[in-house]
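The structure under discussion is supplied below as structure tokens; questions concerning it will follow.
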Amino acid sequence: MKKITLLAVMLTFGCSPAFAETVQDHFKTVTKRIPYTETVCNVVDVPIYGNTSSNTTVEDIIGGAIIGGIIGHQIGDGNQRKDNRNAGAILGGIIGANKNQKQEGIVGYRQEEQCRNITRYSESSEDVYSHSTVSFYHNGQQYTLRFKK
């Protein structure tokens, strides 16, 4: 390989011979990232949902019945008003009794182990061939050529 390089140098710079002073190989460091999977587990608090309302009180039932009776009394006329008032009071009492039954929320927490896969990377470094240089003199001037083997 060195002879071919010197022949190329001689052809480039004319027929007068040129003598190589040094031929040197150069290397570079290459870092490789190698992926691997790791399972990571943590204990977390998971909410528990349930009825958060307090018990139904007598005030809730009576308040619903009164409001229902007033609204029912406004509908219709004569005896029909009386029937509507009674029906409104019954429905209002039922609604008042159930108003706290539908409130859902977090009533506590339970601990649970949750795992997930994470991709991590390990690194390895290695010196690999990059290129070579040849230095020589021709007519009193120093030249350096870069080439690959």
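Do we have Lys102 as among the basic types (Lys, Arg), modelled with pLDDT under 75, within 30 Å of Val44 (Cα to Cα) and out of contact with any Asp or Glu (no Cβ under 9 Å at 6 or more places or on another chain) here? It would help to see each step written out before you state the result.
Details: among the basic types (Lys, Arg): yes; modelled with pLDDT under 75: yes; within 30 Å of Val44 (Cα to Cα): yes; out of contact with any Asp or Glu (no Cβ under 9 Å at 6 or more places or on another chain): yes.
The answer is yes for Lys102.
Would you pick out the residues in the range 1-50 that are at pLDDT 80 or above, of a type in the set (A, V, I, L, M, F, W, C), surrounded by 10 or more Cβ atoms within 10 Å (Cβ to Cβ) and more than 30 Å from Val107 (Cβ to Cβ)?
Val23, Phe27, Val30
Out of curiosity, is Asn55 over 30 Å from Gln141 (Cα atoms), more than 55 Å from the chain's Cα centre (by Cα) and at pLDDT below 90? Quick ask: steps written out before the conclusion?
Numbers: over 30 Å from Gln141 (Cα atoms): yes; more than 55 Å from the chain's Cα centre (by Cα): no; at pLDDT below 90: yes.
In short, no.
The values are calculated or read from the model by the stated rules, or taken from the named source; none is laboratory data. Since the structure is predicted, the reported quantities are computational estimates derived from the model, not experimental observations. Heads up, the Cβs are rebuilt from the backbone with ideal geometry, glycines too, and the neighbour counts pull from every protein chain shown.
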